[in-house]
């Protein structure tokens, strides 16, 4: 079995369009939530979201490609460019194409294109539908476009597991490299679902916060929480076999050492109330990575700010670690600042976890004011913390009962 490391990071997010900007804003506790600007939301019950700002697709994609690429795929291509360039795998001869893969998923895919073309059909008729409609809409296209761009001819698997999509993508990429199927894989997820149809749908299934206050709507683990805030963007990591990375002198952020993948098999949207599947995913990742439960361990949770998720996730951590050890672990929720980026959420959180291991800084869970007796762990409230973190977990729980956990280890510690 091979060791697997991270050699490149890239992201487009509500708090910045490159990794360093994102990281500085997160450790400063700055959120990216505000009134929706992408469309007229005056007739919606929810009018706030965590939008990507100042995104310039022409920096990453040529103009002819932009008009035939959905926004979610544009985000993915941009984040992939950052990650691959940082890894150095874009240099000719750096990797054999047949050993280079892409695992980039999306929870919903090109729904903005879907909305545009449905409106066009209703207003102008079928003859006016774009010939690019289908390839722009389908959820595998980001993975395909990235592979085309970087001549990645190896394994390619665009995963769709709702909110757990990109954590599963990274986990399955880890498995493929560990088992010798590839030397490097571009992995992560992308989402662009801030439109009237998506917002109305998520609101009506009672998933979104209806508080409409940017400062107190995405408040994971707080007793006042009433739903998540919609986010968007992309997160991409480059995973590489350790010896391959070392041989070419690549910068290594950290090691991915374990992965858990389970299903609640319980309900389409609600987590299992006894946290059976989610706690088992955590244990599987910990056991594979041989993680030690001590004060040097950090968890980046799913932390959606929904009443059920945060309570059940807290229970899952307690079951997996034991009540006493669970209280030693620092936990901080990235979604408190970027909202819920759906299929991109897990990848952004994996990037944050890698930066935490690299820097020894844990970003805060912002907006936390009122403790919940059922959420009583250390959530690093409101202020960043310096801590010598040597091992970490990133967790994702998706609609349909999909649970994913990835275990990380710092290098040379």
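The values are calculated or read from the model by the stated rules, or taken from the named source; none is laboratory data. Worth saying up front: this structure is predicted, and the values here are computed from it rather than measured. Here the Cβ is made from the backbone with ideal geometry for all residues, glycine too, and neighbour counts use every protein chain on show.
Here are a few things to note about the model shown:
- Only residues that are in contact with a strand residue (DSSP E or B) (Cβ under 7 Å, 6 or more places away or on another chain) and either in a strand (DSSP E or B) or surrounded by 17 or more Cβ atoms within 10 Å (Cβ to Cβ) (or both) were counted in region 205-220, giving 7.
Listed here are the residues, each with its yes/no results for (1) crowded, with 24+ Cβ neighbours inside 10 Å; (2) on the phi > 0 side of the Ramachandran plot; (3) in the same structural domain as residue 71 (by TED's automatic domain parsing).
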| site | (1), (2), (3) |
| --- | --- |
| 109 | yes, yes, yes |
| 123 | no, no, yes |
| 135 | no, no, yes |
| 154 | no, no, yes |
| 194 | yes, no, yes |
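- Matching residues, region 265-286, being more than 24 Å from residue 408 (Cβ to Cβ) and buried (at least 20 other Cβ atoms within 10 Å of the Cβ): 272
- Test for residue 85: is it in contact with a strand residue (DSSP E or B) (Cβ under 8 Å, 6 or more places away or on another chain), surrounded by fewer than 16 Cβ atoms within 10 Å (Cβ to Cβ) and part of a helix (DSSP H, G or I): yes
- When region 221-246 is limited to residues that are out of contact with any strand residue (DSSP E or B) (no Cβ under 6 Å at 6 or more places or on another chain) and either in contact (Cβ under 8 Å) with a residue 24 or more places away in the chain or not in a helix (DSSP H, G or I) (or both), the one that is surrounded by the most Cβ atoms within 10 Å (Cβ to Cβ) turns out to be 225.
Conditions tested, residue by residue: (1) closer than 26 Å to residue 403 by Cβ; (2) touching a helix residue (DSSP H, G or I) at 6+ places or on another chain (Cβ under 6 Å).
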| residue | (1), (2) |
| --- | --- |
| 86 | no, no |
| 90 | no, yes |
| 106 | yes, yes |
| 110 | no, yes |
| 117 | no, yes |
| 133 | no, yes |
| 159 | yes, yes |
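- Of the helices (runs of 4 or more DSSP H) contained entirely in region 106-152, those carrying at least 3 residues that are farther than 26 Å from residue 187 by Cβ and more than 19 Å from the chain's Cα centre (by Cα) fall at 111-124.
Residue-by-condition table, conditions (1) at pLDDT 95 or above; (2) out of contact with any strand residue (DSSP E or B) (no Cβ under 7 Å at 6 or more places or on another chain):
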{"position": "291", "(1), (2)": "no, no"}
{"position": "298", "(1), (2)": "yes, no"}
{"position": "310", "(1), (2)": "yes, no"}
{"position": "324", "(1), (2)": "no, yes"}
{"position": "342", "(1), (2)": "yes, no"}
{"position": "363", "(1), (2)": "yes, yes"}
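- Members of region 156-168 found to be in a loop (DSSP other than H, G, I, E, B) and surrounded by 19 or more Cβ atoms within 10 Å (Cβ to Cβ), listed by number: 158, 159, 160, 161
- Within region 377-401, the residues that satisfy the criterion of being assigned to a loop (DSSP other than H, G, I, E, B) and closer than 18 Å to residue 278 by Cα are 377, 399, 400, 401.
- Criterion applied to 34, 88, 29 was being closer than 28 Å to residue 157 by Cβ and in the same structural domain as residue 166 (by TED's automatic domain parsing), and the one residue passing it is 88.
- Hey, residue 176 within 18 Å of the chain's Cα centre (by Cα) and either in a loop (DSSP other than H, G, I, E, B) or over 22 Å from residue 269 (Cβ atoms) (or both) or not: no
- Residues satisfying the criterion are absent from region 33-47 (criterion: surrounded by 11 or more Cβ atoms within 10 Å (Cβ to Cβ), in contact with a helix residue (DSSP H, G or I) (Cβ under 7 Å, 6 or more places away or on another chain) and under 23 Å from residue 349 (Cα atoms)).
- Taking the criterion of being surrounded by 13 or more Cβ atoms within 10 Å (Cβ to Cβ) and closer than 20 Å to residue 30 by Cα, the residues of region 363-377 that qualify are 363, 364, 365, 366, 367, 368.
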